[in-house]
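Inspection log for the structure reproduced underneath, given as structure tokens.
The values are calculated or read from the model by the stated rules, or taken from the named source; none is laboratory data. Everything numeric here is computed off the predicted structure, so don't read it as measured data. Glycine gets a Cβ as well: all are built from the backbone with ideal geometry, and neighbour counts include every protein chain shown.
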Amino acid sequence: MRAGSGGAVTSILCYLVEKGLSDGVVVAKRTKGFEGEAIVAHTREEILKAAGSRWNIVPFTTRLKRTIEEKGLKRVAIVGLPCQAQFLGQMRYLPLLETDFGERIFLIVSLFCIGTFAHEVFLSFLYSRYGVKASQIKDLKLVDSKFIVVLEEGELEVELREALAYLQSGCLLCTDYTGVLADISAGSASQFPGFTLLLVRSAIGEKVVEEAVSENYIMVREEPEVLAEVKKKALEKIMRASKYATQLL
């Protein structure tokens, strides 16, 4: 299975559609280089094609309502970033407009996020510094303190500190690392490479994870010590946002 950080999110999504618990899952699918698009997947095959990490913003909220209505979806699972989970969570729990579609959102899954790159600027950096073209990039992975740029032939290591200079300006002000309004938050932990770290945040999130385990889609074990690393990274993002916010005053 091709997936990011263990593939638990991909497996959970497959469970939802194959057992009829969701009539569509909204995921980001890579098109070329860093570019991507949001799609509604209905089958295991469609979900697997969209698996993997994304390091640029894939906007879907502006078209999400129209897509849900056009396809007649009633129970949608959505995978997004913490900023998108904030929007969706507020819509679901604090509906303000008749046009809101919060009642159709069955499950929100947020991926851990330190930020997304300013697309053109970061690609220019990779080309000028390392001679890497966008068309050569197959994937991006965060391993400890390095970004691993997976190329058509081989890999390129980029120091995290160097890469962070090319984040979107809005990401520099974001304080949410895990997606606090999601039902399930998912990411990686350095102590357990190749595994997915899941934070269950709601009753529906707990129910979905437990059922996915009982149906043999995923296997889980509790590892409370990894929370220290998550808290450290979450605090670092809060402090970074505080630093950049003071520069706006």
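Could you list all residues from the range 145-170 that are more than 18 Å from the chain's Cα centre (by Cα) and among the aromatic types (Phe, Trp, Tyr)?
166
Cβ-Cβ under 6 Å, sequence separation 6+ or interchain: first residue in the range 1-22 and assigned to a helix (DSSP H, G or I), partner modelled with pLDDT of 95 or more and of a type in the set (Ser, Thr, Tyr). Which pairs?
11/217; 15/217; 16/22
Name every residue in the range 172-191 that is touching a residue at least 60 places away in the same chain (Cβ under 8 Å) and among the hydrophobic types (A, V, I, L, M, F, W, C), in order of residue number.
Answer for the range 172-191, where residues must be touching a residue at least 60 places away in the same chain (Cβ under 8 Å) and among the hydrophobic types (A, V, I, L, M, F, W, C): 172, 173, 174, 180, 181, 182, 184, 186.
Just checking, how many residues over the range 204-244 are buried (at least 17 other Cβ atoms within 10 Å of the Cβ) and of a type in the set (Phe, Trp, Tyr)?
Selection size over the range 204-244: 1.
Name, by its number, the condition in (1) touching a residue at least 24 places away in the same chain (Cβ under 8 Å); (2) crowded, with 17+ Cβ neighbours inside 10 Å; (3) within 22 Å of residue 231 (Cα to Cα) that does not hold for residue 201.
The failed condition is (1).
Can you name the number of the only condition in (1) free of Cβ contacts under 8 Å to residues at least 12 places away in the same chain; (2) buried (at least 19 other Cβ atoms within 10 Å of the Cβ) that residue 89 fails?
Single failed check for residue 89: (1).
Answer yes if at least one residue in the range 120-138 is surrounded by fewer than 20 Cβ atoms within 10 Å (Cβ to Cβ), within 19 Å of the chain's Cα centre (by Cα) and assigned to a strand (DSSP E or B), and no otherwise.
Within the range 120-138, one or more residues are surrounded by fewer than 20 Cβ atoms within 10 Å (Cβ to Cβ), within 19 Å of the chain's Cα centre (by Cα) and assigned to a strand (DSSP E or B).
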